[in-house]
Protein chains: 4
Amino acid sequence: MLKGYTLPLTPRGTSSLAPMPPWHYVGTCLAVEYEANAEAVASFLPPGLDFHSSRCAVYFCDWQYSSESGEEYLDPIRSQYRETLLLISATFQGSHCAYCPMIWVDQDVALMRGLTQGWPKQIGSTWITRSFDMPSKAGPMVGPGGKFGATLAAKDRRLAEATVTLRETTTQLPTPNFARAVNMRHFPELVAGRHDRPAVHELVQLKSRDVQISTIWKGEASLQYFDHPYLELFSLRPEKVGDGYRFSFALTVDDLLLLQDLRTP
Amino acid sequence: MLKGYTLPLTPRGTSSLAPMPPWHYVGTCLAVEYEANAEAVASFLPPGLDFHSSRCAVYFCDWQYSSESGEEYLDPIRSQYRETLLLISATFQGSHCAYCPMIWVDQDVALMRGLTQGWPKQIGSTWITRSFDMPSKAGPMVGPGGKFGATLAAKDRRLAEATVTLRETTTQLPTPNFARAVNMRHFPELVAGRHDRPAVHELVQLKSRDVQISTIWKGEASLQYFDHPYLELFSLRPEKVGDGYRFSFALTVDDLLLLQDLRTP
Amino acid sequence: MLKGYTLPLTPRGTSSLAPMPPWHYVGTCLAVEYEANAEAVASFLPPGLDFHSSRCAVYFCDWQYSSESGEEYLDPIRSQYRETLLLISATFQGSHCAYCPMIWVDQDVALMRGLTQGWPKQIGSTWITRSFDMPSKAGPMVGPGGKFGATLAAKDRRLAEATVTLRETTTQLPTPNFARAVNMRHFPELVAGRHDRPAVHELVQLKSRDVQISTIWKGEASLQYFDHPYLELFSLRPEKVGDGYRFSFALTVDDLLLLQDLRTP
Amino acid sequence: MLKGYTLPLTPRGTSSLAPMPPWHYVGTCLAVEYEANAEAVASFLPPGLDFHSSRCAVYFCDWQYSSESGEEYLDPIRSQYRETLLLISATFQGSHCAYCPMIWVDQDVALMRGLTQGWPKQIGSTWITRSFDMPSKAGPMVGPGGKFGATLAAKDRRLAEATVTLRETTTQLPTPNFARAVNMRHFPELVAGRHDRPAVHELVQLKSRDVQISTIWKGEASLQYFDHPYLELFSLRPEKVGDGYRFSFALTVDDLLLLQDLRTP
C-alpha cells in the first residue's frame, strides 16, 4: 500500500514532497504596509470576497520548518526557505480578512505545502538583511536606527525592493496580516474541454495553532515594485508607503477551514 | 474576473505558473533500461495497476517548452528545464502500461504542469552530457563510440549516475516508455480529520499529440543509484542494467484520459 | 609535496579548482555585433591599448569543457557552463585586437580558469535558446527564420537580453572576436599600503590551438542592456545594433602570450 | 583611467568583484574540533609550515559582509554568504598556527576576496540550522540542549555533515582557530613551460581588526565526511570527534602579513 501525504506516494511514505501535517514553523519577517490602487486591489479578489480597502502589506520571511517527528531543521536544506508574499484587504461575508494574490518561495517543499493551503506559490529568490546582534558595519542591530533591506526576484528579474528602519516597539502587527487570511485552493483539470473547470476551486481560511510572536519593531519604510512582462505584481505597486515592521513568529499548521466551494456546476 | 490555468489567478491571467494548454515540448533524452527487484517494483504500484515485470527505465531529459502563443523559448529561463524520471512496468485492466513512481525537475513551471498531469514531481538537479557535433576532447559525437553521462541530485545529495556509449541506431524506443504512461493525479485535503482523504486521487493516462522522434541511438550503459535517508529511489535500484539510448523528441500536451477515481467514499 | 595548478593545492592534486592545462572546450555561441558610444568604449581600455572604433560584440555561449584526461564531460556539472562576454575594439601597438571589459560565467571552475587567462569573470546567469533539430513551437530550427534568444542576469537583476533571427550562412565570424583577444591578468595585494599595487598586472594575448568552427549563421538581431546600480555594462549599451550570429566552435587552451607588464615600479 | 580593486577594472570602479578594503564581516559559526590521521594532516601542509598535531576544526559559517561605504547588507544577495572551512594545526618557525587546506563559499564576491587572502575557495553549498530565539519544534534555542546541524555539498555531492548539541558556555574558542591562521596566496602562470612556476606563491598570515566575539556555547558533536571521487576532504576525515561550538563574531580585514615567498628562482 502506498503511503504519504502528497506525491510521490511510496511504500514507506518517506518520499512525499510534503509529509503528513502537523507542520511546525519559526521565522523572522520584514514587512511593509502600503496602499495600492483601489481598483487594482479589487480586480485581484476571487469570487466570494469583496473589496474592503486599498491597504496592502508585503512580507519578506526567513523560515525554518519541521514536520512532527522529522527534525528537518538538522538537515537544513530540507527545512529552511525564504518567502515573499503580498496580502491585500478584503471582506468575506461582511467581516474583514486578508487575501494573498501572489507569493514566492525558494524550496519545493514549501511550494507543495503552500499549494495544499491555497497559497499561489511560485519559485522566487528572496533576500533579507540579518542582524547578528553585534555592532558592525556589516549589519544592523535590532533596535532604534537598525536598517534592514529585502529583495525579491523571479526567473532572473528583480521584482521588489524594500527597506525598513526600526524606530520603536509596538504591540500591533502590520495590517493586513495572517490572522484571518483567506486563500483559494485550486487544482485544474487537463482533460480536453474541462481546462476551465478545475477539480478543486474553493475559498479556505487558514488555521494555525501554538502561535508565538516576538517583540514587534516598527519604523519607516521604502518599497518599490519593478515592471515585469508577465508577472502582475506591478499592478499592485505602492501609491503610498506606510510603516515597516520586523518580528519573529512561530506557528503550527494542521487544519484549514472550508469557506466556499467556487466550482460552478 | 480572475483568469489563468493554475495559481496564481489574476486579472490579466498572465501570472499563472502554468498557462492554459496546449503545452509544446522538444527535448533530448538519455535513457537506460534495467531490471529492479520484482517485489520492490510491485510495492510502488498504485491501486488499479497490477505487476507486469521487473523491467524499468530511467530517463534523463533536457527540455525546452513553450505555450501556444508565449514563445517562452525566447526567454529561455521560462522554457528550459532538465528532468530525471523513472518508469516501471505495470498492467491496467490486463494491458501493458508504464507508471512513474518518482521524477525530478529543476523549474517550478515544469513542476506545476507535471502535477496537473499526475507526475509526482520534486525539484532536483539533472545534468546530461551534450554533443556539439564537433570532434573534441570536451564532448562526444552522436555516433558509434560516443559516450554520454547523466547525474541526478536532490537537496545536495547525489541520487543517480548513468553513462551510455552509443553503438548503433534502432527503431525501438526503450521499454517501458511514455507511449502508454499512467500517472496518479493527487491533491490532498488539509482540513483536520481528512488528511488521508485527498480531494483528487485518480489514475490517468497521458495523452500527447504531434509526436516526433529523432533517430534513436542505442548502446551499452551503466547505472547506479545511491543510498538516501528518505527518498526511496534506491529501493528500485538496478539488479541488471540493460541497454542505453539517446534520442530527441517533440510532443504537444493538452489532454488527459481519466482511467479510475481512486477516492474511497 | 602539494600538487595542483590552482588552489587548493593538495597531496594528490585532484582538488585544484582548475586542473593543469590543456583545457579543451566545445560550445555554441549566439553573438550580436553593435556600436556603443565611442568615448565609453575608450574609457574601458586598459593602459597599453588604444581606441580603435566603437564596434563591440556580445557573446552568449553554452560551453562544455574537459581537462586532458579528466573526461569531466561525463560528470557534466563539472564540465558545462554558460557565459556572457563583451568584446570591444582596440589596438595594441598599432594592430587591431579585441578587449573584454566584462564577462559572466555560472561555474567556479570556469571562473578560475578565466582569471588565469585574464578574463574578468564574475558569476552570472546566462540562458540561451536551444535548437533540437526538430520543427516545434517549443524551439527554432537552425536555418532561415530560426529565432534564438539569450539573457544575462547577475545577483537577481537582469542585465541584458538579445534575439537573433537566422537568415543565411556566412564565412565571417562577428567582429570583434576571440581571434586576437587581449586580456588583463590581475591579482591584487592586500598588505596595507599596497592595495593599489597589484602583484600581477599585465596585458596578455590569448592563445588557442586546434580551433574548429562550424557553419556560421547570420541574421538580424535585437540587443538591450538594462540599468544597474553598480555594474557598468549599461555604459557600453548599444547605440546601433548590427548583425546577429550563431555558430559552434571547439578549441584547446594551454598557453598565453605576455604583451606588457603594467605594474609601475 | 581604470579603477577598482579586483577584476573587472572599469571607469567608475564600481564593478570590481571585490571592492577596495576594508571589508567588514559579521557572522555565526558552528564548529567541530576533531583529530584526523596525523600523516594525512602533515601531507596537506605547504612548504614553510611544519607538522604540529593531528588536531583539526571544521567551521560552518553564516556571514554578512559590507565594504566601507557600500552598505551591501541592504541588498543582501551582495552581502550574505555561507562558508565551510577546515583548519589544521601547524607551526611556522616554531610557533603554533592554523592552516586552511580547503574551503567552500556560495558567492563569487566571497570567493574573490578569499583568493586575495590566500583562502583556497571553491563554490559549495553550506546549510546551517538557525535559532529564532523562540521555543518550537522547527528550531533549537541557543542554550543547553539546543541541537544544531550543518551540511556541505559541492557540485551535487554531499561532502560533510555535522551536529552540535549545546551544553554550556565557555571562554575558549575551538582550536585550531582564525587567531593565527596562515594561508598560501597563489596565482598561476599559463604561459607554456611555466605552468608549475606560479606568478604568486607565498605564505601569508591573516590580519583582522575590530574583532568581537559573542558568548561561546560548547557541547557534544558529531561529524562525518563522505567519500568523493576527486575532492580530498575525506583524507582529513575525523578519527576522533571532539567538542562542538556555536558563536558569533565580527571583524574587519584590510591587511595581511607576508611570511615567506615560496617561489623557486
Practice item. Treating cross-link reach as a plain straight distance, find the lysines whose alpha-carbon is under 22 Å from the alpha-carbon of A:LYS147, omitting any fewer than eight places away in the same chain. Key: A:LYS137, A:LYS218, A:LYS240, C:LYS155
Point to revise | Accessible area in square angstrom per residue, region C:1-67, 1.4 angstrom probe | key: 29 Å²
Review point. Per residue, how much accessible area does region A:85-204 have with a 1.4 Å probe, in Å²?
Key: 28 Å²
**Study point:** Within the protein assembly as shown, helix-based [θ] at 222 nm, where runs of 4 or more DSSP H residues each add -39,500 (n - 2.57), nearest 500
**Key:** -1500 deg cm²/dmol
Exercise for review: For an R0 of 22 angstrom, estimate the FRET efficiency from the Cβ-Cβ distance between C:ARG167 and C:LYS240 and round to the nearest 0.05.
Suggested key: 0.75
Revision key, fill the gap. Within the under-13-Å Cβ sphere about B:PRO47, not counting B:PRO47, Lys/Arg +1 and Asp/Glu -1 give a net charge of -1
Check your understanding: Remind me, what semi-axes does region B:9-65 give for its equivalent ellipsoid, largest first in whole Å, using sqrt of 5 times each Cα gyration tensor eigenvalue?
Key -> 35, 18, 8
Point to revise | 17 Å tail of the calculated P(r), region D:19-108, as % of Cα pairs | key: 58 percent
Check your understanding: To the nearest 0.05, how large is the calculated FRET efficiency for B:SER95 and A:VAL211 if R₀ is 60 Å and r is the Cβ-Cβ distance?
Key -> 0.70
Practice item. Under 11 Å from the Cβ of B:ALA98, count the other residues' Cβ atoms, weight Lys and Arg +1, Asp and Glu -1, and hand me the total. Key: +2
**Study point:** Nearest-first distances (nm) between copies at B:MET141, label 7 Å from Cα via Cβ
**Key:** 2.5, 6.9, 7.0
Practice item. Could you tell me the distance between the Cα centroids of region B:61-81 and region A:27-93, to the nearest Å? Key: 29 Å
Study note, to complete from the structure: The alpha-carbon center of region B:216-233 and that of region C:142-161 are separated, in whole Å, by 33 Å
Check your understanding: With charges only on Cβ, +1 for K and R and -1 for D and E, what is the dipole size of region B:1-156 about its Cα centre, in debye, rounded to 20?
Key -> 200 debye
Check your understanding: Just in region A:127-215: which trypsin sites (Lys or Arg not before Pro) are loop by DSSP and have at most 16 other Cβ atoms within 10 Å?
Key -> A:ARG194
**Study point:** Label-to-label distance, nm, for residues given as B:LYS3 and B:ARG180 (7 Å Cα→Cβ offset)
**Key:** 4.1 nm
Point to revise | Taking N as its residue count, the alpha carbon Rg of the protein assembly as shown over 2.2 N^0.38 Å | key: 0.91
Practice item. Any chance you could list P(r) for region C:33-72, counting all Cα-Cα pairs in 5 angstrom bins from zero, rounded to whole %? Key: 5, 18, 17, 13, 9, 9, 11, 11, 6, 0
Point to revise | Other-copy label distances relative to C:LYS3, 7 angstrom Cα-Cβ extension, nm | key: 4.7, 4.9, 6.4
Study note, to complete from the structure: Answer in debye to the nearest 20: the dipole magnitude of the protein assembly as shown about its Cα centre, from +1 Lys/Arg and -1 Asp/Glu charges placed on Cβ, is 0 debye
Point to revise | Pair-distance profile P(r), taking every C-alpha pair of region B:113-265, with 5 angstrom steps and integer % | key: 2, 8, 12, 14, 17, 18, 14, 7, 4, 3, 1, 1, 0
**Study point:** Ratio of the Cα radius of gyration of region C:169-211 to 2.2 N^0.38 Å, where N counts its residues
**Key:** 1.82
Check your understanding: Per 5 Å bin, what percent of the C-alpha pairs of region C:85-179 does each bin hold, from zero upward?
Key -> 3, 11, 15, 18, 19, 16, 13, 5, 1, 0, 0
Review point. Semi-axes of region C:1-153's equivalent ellipsoid from the Cα gyration tensor, sqrt of 5 times each eigenvalue, largest first, rounded to whole Å?
Key: 29, 26, 12
Check your understanding: Roughly speaking, what % of Cα-Cα pairs in region D:140-223 are separated by over 15 Å, rounded to a whole number?
Key -> 75 percent
Point to revise | Proximal charge balance of C:SER89 [Cβ under 13 Å; K/R count +1, D/E count -1] | key: -1
Revision key, fill the gap. In the protein assembly as shown the accessible area split gives carbon plus sulfur, as whole percent at 1.4 Å, a share of 48 percent
Point to revise | Positive-end residue of C:MET134, C:THR175, C:VAL164, charge dipole of region C:123-248 with Cβ unit charges | key: C:MET134
**Study point:** Two-decimal ratio, region C:199-265, of alpha-carbon radius of gyration to 2.2 N^0.38 Å
**Key:** 1.64
Practice item. Could you please point out the chain A residue with its Cβ nearest to the axis of the rotation taking chain A onto chain B, and the distance in whole angstrom? Key: A:PHE187, 2
Review point. In vacuo Debye scattering of chain B, one point per C-alpha: log10 I(q)/I(0) at q = 0.08, 0.13, 0.17 Å⁻¹?
Key: -0.33, -0.89, -1.50
Revision key, fill the gap. Taking r as the C-beta separation of C:PHE51 and B:ASP133 and R0 as 41 Å, the FRET efficiency to the nearest 0.05 is 0.60
Practice item. Please sort by residue number the GluC sites (Glu not before Pro) in region C:32-108 whose DSSP state is loop and whose Cβ has at most 15 other Cβ atoms within 10 Å. Key: C:GLU68
Point to revise | Area buried, chain B against chain A - accessible surface, total, 1.4 angstrom probe, square angstrom | key: 5700 Å²
Exercise for review: Find every distance from the label point of C:VAL191 to the corresponding label point in the other copies (7 Å from Cα along Cα→Cβ) and write them in nm, one decimal, shortest first.
Suggested key: 2.2, 7.5, 7.8
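The values are calculated or read from the model by the stated rules, or taken from the named source; none is laboratory data. Since this is a predicted model, take the numbers as computed values, not measurements. Neighbour counts are summed over all protein chains in view; Cβ atoms, including those assigned to glycine, are modelled from backbone coordinates with ideal geometry. When the accessible area is computed, the model is the full protein with side chains, heavy atoms only, and any ligands, DNA or RNA have been set aside. Shrake-Rupley method; radii C 1.70, N 1.55, O 1.52, S 1.80 Å.
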